[in-house]
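Engineer: This structure is in structure tokens; I'll ask about it shortly.
Every number here is computed from the coordinates shown, using simple stated rules; none is lab data. Keep in mind that what you see is a predicted model, and the values were worked out from it rather than measured. Note: ideal-geometry Cβ built from the backbone for every residue, glycine included; neighbour counts use all protein chains shown.
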Amino acid sequence: MRYSPTLVDHFLNPRNAGLMRDPDGVGEDEYVGCGDLARFFLRVQHDRAVEVRFQTYGCGPTIAAASAASELCRGRTVDDLCQLKAEEVEGALEWLPEDRKHSAEIVAGALRAAARDHLSRGRRGV
Amino acid sequence: MNRVYLDHNASTPVHPEVLAEMLPYFAEVFGNPSSIHAFGREARDGLDRARERVARFLRVSPQEIVFTSGGTESDNFAVKGLAYARGTGHLITSKVEHHAVLRTCQALEAQGFDVTYVGVDAYGMVDPDDVRRAIRSDTIAISLMHANSEVGTLQPITAIGQVAREHGVPLHVDAVQTFGKIPLDVDALGIDALSFSSHKIYGPKGVAGLYVRKGTRMVAIQHGGEHERRRRAGTENVAGVVGLGKAVDVRARDMHAEAEGLTALRSRLIDGVVGPVPDVRLSGHPVERLPGTASFLFRHVESESIVLGLDLKGIGVSAGSACTAGNVEPSHVLVAMGVPLDWAMGAVRCSLGRTTTAEDIDYVIECVEPLVRKLRQVMPVGAA
């Protein structure tokens, strides 16, 4: 099968989709090749992401990757999120076809950007 | 789970009558039609009968039909064959052609030919006057599609044929999407060469044809044996050609009644999608369009996510923009029509066929609205 059952589940039932009011960090990443976009919002308490929300514009795997990553990252430290790798996001979906690897890349990139944004705000919400 | 196939412009299932007629040509009638013994003659008979069927359908002479391996080969053959026959000069085509014509024209440009790509209006229709204005003293061919596969718009071929005739320029028409679906009269339309395909009309894949009007200056682009009156070298796909011949016969019998039913189902689909779903519109011409094609533009939703969502409901449709290896561009057809990017990226084509039912259409309508609503909830603009 082209897509894993986990990916299909996240695509059909995206978790944590939508905007966040007054987030403690916002980050975005776009894949220039295809215009896919991911935007993440973090609520941070005691240096940990206690709430993660997202918006995406893109194909099914990008939506699924964002949803899976939103669950993957909740509870983790901001410093940890600054190091988030695309491979870990892909792992949360079991696998991605070769031509959809960019879905995990932009999701990881957006989450790293959101974590960095939080740090640049002087760790408000710590 | 329901399974609904609405991608008939991509391909169609082989009609049972077609399959039955093809089957003996795999193991029983297996000779090479170029062989002079009985085994070969039997295969040749099958080939000849198919050629006669196609010729009768188009009301042309069997000698004017050349069998090929697919619509792409037919288009290559026509465009290059017309160009190479002159060796130099200017061709006219449009910006909304299938890549089989567009990229062939680009290849010819690289070889020194000049090409004019005429534009289209917001419905994807070529203005015959634009073709007239593009004609030069060194114009050697015009190549235009009869109907656009993506948006379904029918081109005003009669008027364009008149322009071509007035100027003595041969006209090639890519009729892959119309052959066997709507009436085609090559004389009335002023067509000198016409590409058609088998698998769009319930025949097998890997076989197609090109009508070439007698006297048209065209050279072969594939060389080898003496097949197809020295116009297309290579042993013919006999079983495939037999299937194409039968498919054409079935279309001649069923085409008119089916077109009526398809038009009604298409309207049912359009009414069920445009209206209940916000920010969606039909692309292509509202009236001058293929009977079974309805293409939609969903604003602010990425088309592949709609295709995947419907696929998971058992529905097969096609995306107007395809993301391949991380590269996606809106369809060149929609760009030529001037469709803004936020609409063009959400293009989805539904193409109905002979087995499509009202229940199928109602199921698709039932699935589309909640899917698009859900997708818009995660997409930035929709959620903002």
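Engineer: Suppose R0 equals 30 Å. What FRET efficiency, 1/(1 + (r/R0)^6) with r the Cβ-Cβ distance, do B:ARG136 and B:ARG59 give to the nearest 0.05? Kindly include the intermediate steps, with their values, before the conclusion.
Structural biologist: On the way: r = 32 Å, r/R0 = 1.07.
Computed FRET efficiency for B:ARG136 and B:ARG59 comes out at 0.40.
Engineer: Over all distinct Cα pairs, what is the inverse of the mean 1/r for segment B:232-283, reported as the Kirkwood hydrodynamic radius in Å? Kindly include the intermediate steps, with their values, before the conclusion.
Structural biologist: Working: mean 1/r = 0.0696 Å⁻¹.
Kirkwood hydrodynamic radius for segment B:232-283: 14.4 Å.
Engineer: Just how large is the dipole of the protein assembly as shown about the Cα centre, in debye to the nearest 20, putting +1 at every Lys and Arg Cβ and -1 at every Asp and Glu Cβ?
Structural biologist: Details: 57 positive and 65 negative charges, 76 e Å.
Roughly 360 debye for the protein assembly as shown.
Engineer: Return B:MET345, B:MET125 ranked ascending by Cβ neighbour count within 10 Å, so the fewest neighbours appear first. If you can, show how the numbers build up before the last one.
Structural biologist: Working: B:MET345 29, B:MET125 20.
Exposure proxy ranking, most exposed first: B:MET125, B:MET345.
Engineer: Restricting to segment B:137-269, compute how many DSSP beta bridges are antiparallel as a %, nearest 5. Working shown, then result.
Structural biologist: Details: 6 of 13 bridges.
Bridges in segment B:137-269 that DSSP calls antiparallel: roughly 45 percent.
Engineer: Pick from A:VAL107, A:VAL50, A:VAL78: which residue has the top mean-square fluctuation in a GNM of chain A where Cα pairs under 10 Å get a spring?
Structural biologist: A:VAL50
Engineer: Right, another one. Placing +1 at every Lys and Arg Cβ and -1 at every Asp and Glu Cβ, with all other atoms neutral, what dipole size does segment A:5-120 have around its Cα centre, in debye to the nearest 20? Kindly include the intermediate steps, with their values, before the conclusion.
Structural biologist: Working: 13 positive and 20 negative charges, 69 e Å.
The dipole magnitude comes to about 340 debye.
Engineer: From the residues B:ILE201, B:GLN222, B:ILE191, which one has its Cα farthest along the dipole of segment B:180-239 in the positive direction, the dipole being from +1 and -1 charges on Cβ of Lys/Arg and Asp/Glu about the Cα centre?
Structural biologist: B:GLN222
Engineer: OK, next. Per 0.36 nm of contour for each residue apart, how much would the distance between B:GLU17 and B:ASP114 grow if the chain were fully extended, relative to their Cα-Cα spacing? The partial results should precede the final answer.
Structural biologist: Values: separation 97, 0.36 × 97 = 34.92 nm, distance 4.54 nm.
Full extension from B:GLU17 to B:ASP114 adds 30.4 nm.
Engineer: When every alpha-carbon pair in segment B:12-113 is counted, what percent end up more than 17 Å apart? Please report the intermediate quantities before stating the final value.
Structural biologist: Numbers: 3478 of 5151 pairs.
In whole percent, the share of Cα-Cα pairs in segment B:12-113 beyond 17 Å is 68.
Engineer: Something else about it: Please compute the length gained on full extension between B:GLU260 and B:ALA122, using 0.36 nm multiplied by the number of residues separating them and subtracting their Cα-Cα distance. Walk me through the intermediate numbers first.
Structural biologist: Working: separation 138, 0.36 × 138 = 49.68 nm, distance 2.59 nm.
Using 0.36 nm per residue and subtracting the Cα-Cα distance, I get 47.1 nm.
Engineer: For a quick check, take a GNM of chain B with Cα springs below 10 Å and name the residue from B:ILE92, B:ILE221, B:ILE36 with the largest mean-square fluctuation.
Structural biologist: Answer for the Gaussian network model of chain B: B:ILE36.
Engineer: Moving to a separate point now. For segment B:80-173, take every pair of Cα atoms, bin their distances at 10 Å starting from 0, and report each bin as a whole percent.
Structural biologist: Per 10 Å bin, starting at zero, the Cα-Cα P(r) for segment B:80-173 comes out as 17, 54, 27, 2 percent.
Engineer: Diagonalise the Cα gyration tensor of the protein assembly as shown and give the resulting equivalent ellipsoid semi-axes, square root of 5 times each eigenvalue, largest first, whole Å.
Structural biologist: Numbers: eigenvalues 491, 120, 93 Å².
Over the Cα atoms of the protein assembly as shown, the ellipsoid semi-axes are 50, 25, 22 Å.
Engineer: Let me ask something else about it. If amide H atoms are built 1.01 Å from N in the plane of the peptide, which residues on other chains or at least 5 residues away come under 5 Å of the amide H of B:GLY316?
Structural biologist: B:VAL4, B:TYR5, B:LEU6
Engineer: Of the residues A:ALA66, A:ALA115, A:ALA86, which exhibits the maximal mean-square fluctuation in a Gaussian network model of chain A defined by a 10 Å Cα contact cut-off?
Structural biologist: Sorting by GNM fluctuation, first place goes to A:ALA86.
Engineer: Could you tell me the extents of segment B:16-250's C-alpha atoms along the three principal axes, largest first, rounded to whole Å?
Structural biologist: Rounded to whole Å, the extents work out to 55, 34, 27 Å.
Engineer: If you take every DSSP beta bridge whose two residues both sit in the protein assembly as shown, what share of them, in percent to the nearest 5, is antiparallel? Kindly include the intermediate steps, with their values, before the conclusion.
Structural biologist: Values: 40 of 60 bridges.
Roughly 65 percent of the beta bridges in the protein assembly as shown run antiparallel, per DSSP.
Engineer: Under a point-charge model restricted to the Cβ atoms of Lys and Arg (+1) and Asp and Glu (-1), what is the dipole moment magnitude of chain B relative to its Cα centre, in debye to the nearest 20? Intermediate results must be reported in sequence, preceding the final value.
Structural biologist: Numbers: 40 positive and 45 negative charges, 122 e Å.
Charge dipole, chain B, about its Cα centre: 580 debye, nearest 20.
Engineer: Express in nm, to one decimal, how much length is gained between B:ARG41 and B:LEU341 on full extension, taking 0.36 nm for each residue of separation and deducting their alpha carbon distance.
Structural biologist: Stretched fully, the B:ARG41-B:LEU341 segment lengthens by 102.3 nm.
Engineer: As a test, work out the antiparallel percent of DSSP beta bridges whose residues both lie in chain B, rounded to the nearest 5.
Structural biologist: On the way: 23 of 42 bridges.
In chain B, DSSP labels about 55 percent of beta bridges as antiparallel.
Engineer: Then there is this: Dividing the Cα radius of gyration by the Kirkwood radius, what Rg/Rh value follows for segment A:5-120? Provide the component values of the computation, followed by the final result.
Structural biologist: Values: Rg = 12.6 Å, Rh = 13.4 Å.
On the Cα set of segment A:5-120, Rg over Rh gives 0.94.
Engineer: Right, here's the next one. Say the cut-off is 21 Å between C-alpha atoms; which of B:LYS95/B:LYS200; B:LYS181/B:LYS205; B:LYS80/B:LYS205 go over it? Could you put the intermediate results ahead of the total?
Structural biologist: On the way: B:LYS95/B:LYS200 23 Å; B:LYS181/B:LYS205 17 Å; B:LYS80/B:LYS205 23 Å.
Violating the 21 Å Cα-Cα cut-off are B:LYS95/B:LYS200; B:LYS80/B:LYS205.
Engineer: Of A:LEU37, B:LEU23, B:GLY89, which is farthest along the charge dipole of the protein assembly as shown in the positive direction, counting Lys and Arg as +1 and Asp and Glu as -1 at C-beta?
Structural biologist: The residue sitting farthest along the positive end of the dipole is B:GLY89.
Engineer: Where the centre of each part is set by its Cα atoms, how far does segment B:72-141 sit from segment B:216-243, in angstrom?
Structural biologist: Taking the Cα centre of each part, segment B:72-141 and segment B:216-243 sit 23 Å apart.
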